[in-house]
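The structure appears below as structure tokens.
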Amino acid sequence: MTDIEPRLNEPSDPARELVSDGFKALQELIEALAQAPSEAALCQQAVAILRSTLGLPCVAILLLAPDLRMRFRAWFGLSDLFMETVEGYCPWPVNRPKPQPVFMEDSQQELLLAPCQVGLLAEGIQSLAFIPLLGQGRLMGEILLGSRLQRRFTPEEIRFTNAVANLMGFAAAIAQQKKATADAEASGVDAAESLQASEEVFAKIFHLSPDGID
């Protein structure tokens, strides 16, 4: 498992094209976010943008569910078997502050992915990337990128995917706050009290976990 930092080299011509295409794609995603689409619709658009810009055969967005497991929300190029095998997998403890992207050049040799090997072999995925979606400093979900060839992700690809992840993490945090407010209004509970209660629940989970910070 390798954490790859982008190298600040002068971009090649293909890299320049990716930067240009990526900038346009980010503009589209920002415009979509401004229109407040449903969570599912926004995830589907983000997957489409990642797929078309990066040219990868396998792309997905997973969000952290109330049971603290990653659940597929939008995907492309993935079989039911793969998703059944991989759903719930997260390369970071869910309470880790500011988790970093993880890149696996040879995913089928990664011991941490042992529970997912049946799906990986069936799908023929050789390289994987997991990019965290962060909202208010919390892990909200992850972007999954898969390649059927062993490869290293380029600095430009990493920067672009991180930018998409930042937008999606922000959107997920807003959606969570809206849901908490709506649930509070429906139950007659003050919205501020409801938000505070959810903050306290998260804090308790964070501090009780062995990987939390006391």
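Can you give the extra length, in nm with one decimal, that the chain gains between Ile30 and Ala65 once fully stretched, where that is 0.36 nm per residue apart less the Cα-Cα distance?
Numbers: separation 35, 0.36 × 35 = 12.60 nm, distance 2.40 nm.
Net length gain for the segment: 10.2 nm.
If I model a spin label at Arg159 and Ala182 as a point 7 Å from the Cα along the Cα→Cβ vector, what separation in nanometres do I get?
3.7
Which whole-Hz couplings ³J(HN,Hα) result when phi for each residue of region 56-72 is put into the Karplus expression 6.51 cos²θ - 1.76 cosθ + 1.60, θ = phi - 60°, listed in order with x for Gly and Pro?
With coefficients 6.51, -1.76 and 1.60, one gets 9, x, 9, 9, 8, 10, 10, 10, 6, 7, x, 7, 6, 10, 6, 10, 5 Hz.
Would you mind putting 145-154, 39-48 in packing order, based on average other-beta-carbon counts within 10 Å, highest first?
Working: 145-154: 17.0, 39-48: 18.6.
By packing density, highest mean first, the sequence is 39-48, 145-154.
Spin-label point model (7 Å from Cα, Cβ direction): what's the Phe23 to Gln109 distance in nm?
The two pseudo-label positions are separated by 3.9 nm.
Report the paramagnetic label zone for Glu84: residues of region 90-121 whose backbone N is under 13 Å from a point 7 Å from Cα along the Cα-to-Cβ axis.
Residues 118-119 qualify, since their backbone N sits under 13 Å from the label point.
Once the dipole of region 31-136 is set up with Lys and Arg at +1 and Asp and Glu at -1 on Cβ about the Cα centre, which of Pro99, Ala122, Ala34 lies farthest towards its positive end?
It is Ala34, whose Cα lies furthest towards the positive end.
In debye to the nearest 20, how big a dipole does region 20-159 give about its Cα centre with +1 on each Lys and Arg Cβ and -1 on each Asp and Glu Cβ?
Working: 12 positive and 15 negative charges, 61 e Å.
Computed charge dipole of region 20-159: roughly 300 debye.
Arrange the peptides 89-95, 136-142, 59-65 so that the one whose residues have, on average, the most other Cβ atoms within 10 Å appears first. Kindly include the intermediate steps, with their values, before the conclusion.
On the way: 89-95: 17.7, 136-142: 19.9, 59-65: 22.0.
In descending order of packing, they fall as 59-65, 136-142, 89-95.
Relative to a virtual label point 7 Å from the Cα of Leu121 in the Cα→beta-carbon direction, which members of region 75-105 show backbone nitrogen distances below 14 Å?
Within reach of a label on Leu121, which here means backbone N under 14 Å from a point 7 Å along Cα→Cβ, region 75-105 contributes 82.
Would you mind checking region 45-69 for residues with the amide N under 13 Å from a putative spin-label position 7 Å along Cα→C-beta of Phe76?
45-61
When only DSSP loop residues count, what GluC sites (Glu not before Pro) in region 62-120 have their Cβ near at most 16 other Cβ atoms within 10 Å?
Numbers: sites: Glu84, Glu87, Glu105, Glu110; in loops: Glu87, Glu105, Glu110.
Counting only loop positions with at most 16 other Cβ atoms within 10 Å, the GluC sites (Glu not before Pro) in region 62-120 are Glu87.
Laboratory data are not the source of any read-out in this text; all were calculated from the coordinates shown. Source: prediction; values computed, not measured. Neighbour counts run over all protein chains shown; Cβ positions are idealised from the backbone, glycine included.
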